[in-house]
Amino acid sequence: MKRLFLTVVAVLSMTMTFAEDENLNMVNNVDAYKMEVNYQRLGDALNLSSDQQEAVQDIHQAFCADMMSVAAANKESRKAMMMNAIAKDLRYMRIVLDSKQYKKYLLLLNITLNNRGLND
C-alpha cells in the first residue's frame, strides 16, 4: 500500500512538473509576440512629424493586435499569420514614412524580431 501511494505521488508530481513547463513556455511564447513600443521614442528615432506620429501609432497598434492573434493561433499557422501581419504593417508604413524613415523602421523591426526569436 505504501509503494502504491508513493508511486501515485511520484506520477502526479511528474505530471504537474511537465504541465508547469508547458504553461511557462506558453507565457514566454506570448511575451515574444507583444510588440508594444514607446511611441515617443519611436517618433524620435524616425524623426516623425506629428501627423506621421499619429499614423504610425495607429498602424503599429493594429500590428500589435495582429501579433497577439498570432500568439493565440496554433503552431502550424503561426508562421504564415506572422508573415501576413508583418507584410500588412510594412505596406501601411511604406505609405506613411519617407524612404529614409522606412529603412530605419525596417532595421528596428528586424532587430526586434531577431531579439525575440521570431525570425528564423
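The values are calculated or read from the model by the stated rules, or taken from the named source; none is laboratory data. Model, not experiment: these values are computed from the prediction. No Cβ is skipped: glycine too gets one built from the backbone with ideal geometry, and neighbour counts run over all protein chains shown. Remember, those area values only see protein heavy atoms, side chains included, never the ligands or the DNA or RNA. Shrake-Rupley method; radii C 1.70, N 1.55, O 1.52, S 1.80 Å.
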*Between residue 39 and residue 69, what FRET efficiency follows from the Cβ-Cβ distance if R0 is 22 Å, with the result rounded to 0.05?*
0.55
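Taking all protein chains together and a probe of 1.4 Å, list 89, 66, 51 from the most accessible to the least accessible.
Details: 89 5, 66 40, 51 115 Å².
From most exposed to least exposed: 51, 66, 89.
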*Overall form of the stretch 53-120 per C-alpha gyration tensor (a/c, 1.5; a/b vs b/c)*: prolate
*Label-point separation, residue 83 to residue 98 (7 Å along Cα→Cβ), nm*: 3.3
